[in-house]
Amino acid sequence: MTYKKIKIYGLIGKDIKYSFSRKFFSEKFKQESIFNTNYEIFDIPKIEDVSFIFQNPYFKGCNVTIPYKTKIIPFLTKIMPEAKSIGSVNVVKVINKCTIGFNTDILGFENSFKKKFQEIKNKKNFKALILGTGGVSKTISFVLEKLKIPYQYVSRKKNRGFLVYEDINENLLNKYKIIINCTPLGTYPNIDLCPFLPYQYISSEHYFYDLVYNPKKTLFLKKAEEKGALIKNGLEMFYLQAEESWKIWKNNTS
């Protein structure tokens with residue numbers, strides 16, 4: 001097998017045509033006059049395919065997104081402590097064939113979430129519901145614990161310690177004012193989908209945060225905004241974690 005002699009970075013995930021990552025990093029390379037470097041989208045049907053990507057001697061690193069942030073871990077040589085404790089990796093750096101896993105979602109979510117959280121911090125009942133139980137939800141719970149915000153996971157399937165969507169009612173939404181969507185529901189092109197919630201019970205006391213950033217305002221956020229809730233999408237989180245990814249890779253690009 002032959003490879004082009006060009007440094008390669010990219011995004012690993014499934015059904016990820018919506019991603020802004022390629023545009024972001026291609027512009028970053030151009031801004032910093034970095035040549036012979038490409039950023040590619042690796043839309044793979046199963047995580048085992050990552051082994052073929054890692055075999056390319058010019059592959060230097062990648063971002064990792066849904067649904068592989070947890071599943072990629074067994075394929076890595078080393079995992080940094082925070083990423084290991086959470087069990088979620090969203091950045092990989094390759095040095096001398098050694099694949100190292102990092103988590104920059106922590107910084108991205110915390111710094112973007114806190115900005116608007118200050119607006120409701122003095123209100124009562126700022127407990128959180130985390131919609132979804134995938135890899136990124138582990139990062140969200142890690143940050144909420146750091147901020148001392150109680151939370152509950154909400155899953156489609158009944159699991160010990162998790163709520164299911166059918167459990168969410170007016171009484172529960174009076175107790176949990178922060179709703180964080182960690183599912184891909186509503187992501188372009190499926191913009192008519194949203195998590196199954198009784199939106200009629202949402203009020204101006206709620207804060208809805210959606211990790212989805214394309215479209216900028218998902219149906220989840222639109223429904224919450226109609227009820228007066230504070231809303232924020234995942235675009236700032238995307239940029240913050242991407243910049244942090246860049247810092248991790250930068251020494252590999254020169």
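Keeping the other protein chains in place, figure out the carbon and sulfur percent of the accessible area of the range 17-115, with a 1.4 Å probe.
On the way: 2750 of 5010 Å².
The nonpolar share, carbon plus sulfur, comes to 55 percent.
Over the chain, what relative contact order in percent results from Cα pairs under 8 Å that are six or more residues apart?
Details: 467 pairs, mean separation 40.1, N = 254.
Dividing the mean separation by the residue count of the chain yields 16 percent.
Name the residues whose placed amide hydrogens come within less than 5 Å of the amide hydrogen of Tyr151, ignoring near sequence neighbours (fewer than 5 apart) on the same chain.
So Tyr151 has HN proximity to Ala128.
Amide H neighbours of Lys227 under 5 Å, counting only residues 5+ apart in sequence or on other chains, H built in-plane at 1.01 Å?
For Lys227, no residues qualify.
What fraction of the DSSP beta bridges in the range 1-126 is antiparallel, stated in percent and rounded to the nearest 5?
35
Per-residue HN-Hα couplings for the range 137-154, Karplus 6.51 cos²θ - 1.76 cosθ + 1.60 at θ = phi - 60°, whole Hz, x for Gly and Pro?
Calculated HN-Hα couplings, in order: 5, 5, 5, 4, 5, 4, 5, 4, 4, 4, 8, 6, 10, x, 8, 9, 7, 10 Hz.
Could you please tell me the mean projected area of the C-alpha convex hull for the chain, averaged over all directions and given in square nanometres to one decimal?
Taking the Cα atoms of the chain, their convex hull projects to 14.0 nm² on average.
What 222 nm value per residue comes from the helices of the chain, counting each DSSP H run with n ≥ 4 as -39,500 (n - 2.57) and dividing by all residues, nearest 500 deg cm²/dmol? Write down the numbers at each step before the final one.
Values: 8 runs with 79 residues, N = 254.
Rounded to the nearest 500, it is -9000 deg cm²/dmol.
Can you work out ³J(HN,Hα) from phi for every residue in the range 42-58, in order, using Karplus 6.51 cos²θ - 1.76 cosθ + 1.60 and θ = phi - 60°, giving whole Hz and x for Gly and Pro?
9, 8, 10, x, 8, 5, 4, 5, 5, 4, 5, 5, 5, 6, 5, x, 9
What number comes out for the charge environment of Lys97, summing +1 per Lys or Arg and -1 per Asp or Glu over other residues with Cβ under 13 Å away? It would help to have the intermediate numbers written out before the result.
Details: positive: Lys60, Lys78, Lys93; negative: none.
Counting the neighbours of Lys97, the net charge comes to +3.
Count the DSSP beta bridges whose two residues both fall in the chain, then state the antiparallel fraction as a percent rounded to the nearest 5.
Details: 9 of 40 bridges.
Within the chain, antiparallel bridges account for around 20 percent of the total.
Rounded to the nearest 10 Å², what accessible area does Leu163 have for a 1.4 Å probe in the complete protein model?
Estimated to the nearest 10 Å², Leu163 gives 30 Å².
Going by amide H atoms built from the backbone, whose H comes under 5 Å of the H on Leu193, apart from near neighbours?
Here the answer is Gly186, since their amide H atoms fall under 5 Å of that of Leu193.
Around Tyr201, what is the net charge, scoring Lys/Arg as +1 and Asp/Glu as -1 over all other residues with Cβ under 14 Å from its Cβ?
Working: positive: Lys175, Lys177, Lys223, Lys227; negative: Asp167, Glu170, Glu205, Glu226.
Spelling it out: positives minus negatives among the neighbours equals 0.
Using the alpha carbons of the range 112-173, what is the convex hull volume per residue in cubic angstrom, as a whole number?
Details: hull volume 6.0 nm³, N = 62.
So the per-residue hull volume is 97 Å³.
Filter Lys93/Lys158; Lys30/Lys93; Lys46/Lys222; Lys175/Lys223 down to the pairs with a C-alpha to C-alpha distance above 31 Å, please.
The pairs that break the limit, which is 31 Å between Cα atoms, are Lys93/Lys158; Lys46/Lys222.
The values are calculated or read from the model by the stated rules, or taken from the named source; none is laboratory data. Quick caveat: nothing in here was measured; it's all calculated off a predicted structure. Don't worry about glycine lacking a Cβ; one is built from the backbone with ideal geometry, like all the others, and counts go over all protein chains shown. Note: accessible area is taken over every heavy atom of the protein model, side chains too, but ligands, DNA and RNA are not part of it. Shrake-Rupley method; radii C 1.70, N 1.55, O 1.52, S 1.80 Å.
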